[in-house]
Structures are given as structure tokens and as C-alpha cells.
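Heads up, the thing below is written out as C-alpha cells.
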Amino acid sequence: MFVDSNTEWIALTRDGQVVNADDVWKRAAEFDGMPKYLNDPWWAIRGMYSRKGQLYPPYIMFPDFNWVDYFSWLIWG
């Protein structure tokens, strides 16, 4: 599930379906209150988690990595 680190928004459709990060912009019409900056095409890197937002601790300036997820995504796509 996609959880935005800059606004209080999670990727749940109006009818409660969980949407993964790769499909958020494709399914933009199914959300209420989706941040405008997510409407444009973008891609997600599995295993890399932003810590630049101010909603979820720890508040550090560098991304966090789950190396197993990252290398799995990198190798098998």
C-alpha cells in the first residue's frame, strides 16, 4: 500500500481497495483527496522509503532501504 510521507493520505479507493504504488496514478479517478502531485506518471522503487516527510518518524534527510526488497525489485522487476 502506498502511504504518502508529505500529506495525510493513503492509497485506498472510495470502496476500500488497497492500491500499490505502481498503480496509484493509473487509478487516480478512484480516490478522494489524492494529492495533485501524484496525478502525473511516476514510478516506485521497491524497498526505498522516503524519510523526508514530516508526518512519520524518524525525521532524517536520507531514504531508508529494505535491501532485500530493493534487490528483488532491481533483479526481477
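The values are calculated or read from the model by the stated rules, or taken from the named source; none is laboratory data. The model shown is predicted, which means the values in this text are computed figures rather than measured ones. Here the Cβ is made from the backbone with ideal geometry for all residues, glycine too, and neighbour counts use every protein chain on show.
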Within the range 24-32, does at least one residue satisfy the condition of being at negative phi, surrounded by fewer than 13 Cβ atoms within 10 Å (Cβ to Cβ) and modelled with pLDDT under 85?
no
Where Phe71 falls short, out of the listed (1) at pLDDT 75 or above; (2) assigned to a loop (DSSP other than H, G, I, E, B)
(2)
If I ask for residues that are of a type in the set (D, E, K, R) and in a loop (DSSP other than H, G, I, E, B), which ones from the range 26-45 would you list?
Lys26, Arg27, Asp32, Asp40
